[in-house]
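Before any comments, here is the structure.
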Amino acid sequence: AQTFERPYGWGWLLKLAAECAEASADPSISSHPHAALFPELLSALEPLVRVVSDGWQAYLPRLGFPVRSGVHSNTAFSLALSLDYA
C-alpha cells in the first residue's frame with residue numbers, strides 16, 4: 001500500500017503481534033479461557049507480519065526525513081508501536 005496511512009496500520013499490526021507473542025509466553029495468562037487463541041492468532045498474523053517488516057525496511061531508507069505531522073503518517077508514533085515487536 002502506497003498510502004499516507006501505511007506507517008499507522010503497520011505499527012498497529014506489529015503491536016498486535018507483539019501483544020500476542022507476549023501473551024503466549026506469559027504463564028499467568030494460561031488460565032484465561034481464551035489463552036489458546038493467542039498462539040493461533042500470532043501464527044495467523046505471521047505471514048502479514050513478514051510483509052510489513054519487509055515494508056518497513058524498504059520504506060525507511062527512502063524516507064528523506066521523519067514525518068512529524070499529528071496524523072496517520074507520523075513515523076514516530078508508528079515506529080514506537082512497531083518497536084515492541086522488534
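Each listed q (0.18, 0.23 Å⁻¹) maps to a log10 I(q)/I(0) for segment 2-52 from the Debye sum over equal C-alpha point scatterers, namely -0.59, -0.81.
Potential lengthening of the chain between Leu83 and Ala36 amounts to 14.4 nm, from the contour at 0.36 nm per residue minus the alpha-carbon distance.
Against the chain, whose longest principal axis is taken from its Cα atoms, helix 6-25 shows a tilt of about 20°.
Expressed in nm², what is the orientationally averaged projection area of the convex hull enclosing the Cα positions of segment 42-86?
On the way: hull surface 14.1 nm².
About 3.5 nm², averaged over all directions.
Axis of helix 37-62 versus longest Cα principal axis of the chain: the two differ by about 20°, to the nearest ten degrees. For the peptides 60-67, 71-78, 33-40, residues were scored by their other Cβ atoms within 10 Å and the scores averaged per peptide; the highest-first order is 71-78, 33-40, 60-67.
Please report, largest first and rounded to whole Å, the three semi-axes of the ellipsoid equivalent to the chain, where each semi-axis is the square root of five times an eigenvalue of the C-alpha gyration tensor. Write down the numbers at each step before the final one.
On the way: eigenvalues 163, 32, 19 Å².
Rounded to whole Å, the semi-axes are 29, 13, 10.
Laboratory data are not the source of any read-out in this text; all were calculated from the coordinates shown. Only a predicted model underlies this, so the values are computations on that prediction, with no experimental measurement involved. Note that each Cβ is placed from the backbone with ideal geometry, even for glycine, and that neighbours are counted across all protein chains shown.
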